[in-house]
């Protein structure tokens, strides 16, 4: 292994920002588990690997750094011992079956969990509004636990996409109970912004408003958890 050059160090650090991820077509994954998954299933997508211990992967540039250098590269308070710089996957252009639609989700942890949960329930595509947090944000990648590589994620003008399906379900407080609603799996399921819910512009496209009935006194339900509950009923 060789030491990390100043230029490579600068590049990796820049990938914490969306504009540089977009420009370079690269993003960073951190941690033993997800790096092992990328090595196993997406080896050709790896630009390089950086580690605090000796590695030798044939055909892959590997760089050795100190713990202090890794602290400079990581997006997290507690750095991992290994990270990989990976080329962005090319997502397929498909809207078949049940599609999750996200209207301005802002929290990276929520988006990552929604990606992971959607993959669990067999959803093939997530369509995000233009203002939804970037799916290649390091915190999204971390919370998606590798599902980012197994699901299509598109950023679109929702007004143009939503008319393409007959059945459009939207998570609204004034909706019908999900437990008493007949569901069609060839549909869109819209999850709104954490603080403001689904915007008025997007509400106009909803054919069936649905809700999760409240039995306690909590003010609201986390967007990612709500998405998981809705998806479980679509698959029941």
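The values are calculated or read from the model by the stated rules, or taken from the named source; none is laboratory data. Quantities reported herein were computed from a predicted structural model and do not represent experimental measurements. Please note: Cβ atoms are built from the backbone with ideal geometry, for glycine as well, and neighbour counts cover all protein chains shown.
Structure notes:
- With respect to (1) surrounded by fewer than 21 Cβ atoms within 10 Å (Cβ to Cβ); (2) touching a residue at least 60 places away in the same chain (Cβ under 8 Å), the lone exception for residue 101 is condition (1).
- Condition broken by residue 72, with the remaining ones in (1) surrounded by fewer than 18 Cβ atoms within 10 Å (Cβ to Cβ); (2) touching a residue at least 40 places away in the same chain (Cβ under 8 Å); (3) in a loop (DSSP other than H, G, I, E, B); (4) over 17 Å from the mean Cα position of the chain (by Cα) satisfied: (3)
- Of all residues in the stretch 54-69, those satisfying the criterion of being touching a strand residue (DSSP E or B) at 6+ places or on another chain (Cβ under 8 Å) and not in a strand (DSSP E or B) are 54, 55, 56, 57, 60, 65.
- Any hit, the stretch 163-183, residues being at pLDDT below 95 and farther than 21 Å from residue 225 by Cβ: yes
Quick grid of which residues meet (1) within 24 Å of the chain's Cα centre (by Cα); (2) outside any strand (DSSP E or B); (3) within 30 Å of residue 168 (Cβ to Cβ); (4) not assigned by TED's automatic domain parsing to the domain that holds residue 151:
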residue: 16; (1), (2), (3), (4): yes, yes, no, yes
residue: 23; (1), (2), (3), (4): yes, yes, no, yes
residue: 29; (1), (2), (3), (4): yes, no, no, yes
residue: 48; (1), (2), (3), (4): yes, no, no, yes
residue: 118; (1), (2), (3), (4): yes, yes, yes, no
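- Hey, residue 110 under 19 Å from the mean Cα position of the chain (by Cα), farther than 24 Å from residue 9 by Cβ and surrounded by fewer than 22 Cβ atoms within 10 Å (Cβ to Cβ) or not: no
- A count restricted to the stretch 37-46 and to residues that are part of a helix (DSSP H, G or I) and touching a strand residue (DSSP E or B) at 6+ places or on another chain (Cβ under 9 Å) stands at 5.
- The set of residues from the stretch 177-210 being in contact (Cβ under 8 Å) with a residue 60 or more places away in the chain, buried (at least 18 other Cβ atoms within 10 Å of the Cβ) and in contact with a helix residue (DSSP H, G or I) (Cβ under 7 Å, 6 or more places away or on another chain) comprises 188, 189, 190, 191, 202.
- Pairs are defined by a Cβ separation below 6 Å, a sequence spacing of at least 6 or placement on different chains, a first member in the stretch 211-222 that is in the same structural domain as residue 194 (by TED's automatic domain parsing), and a second member that is assigned to a strand (DSSP E or B); the pairs so defined are 211/173; 211/175; 213/177.
- The one condition in (1) within 30 Å of residue 130 (Cα to Cα); (2) in contact (Cβ under 8 Å) with a residue 60 or more places away in the chain that residue 1 fails to fulfil: (1)
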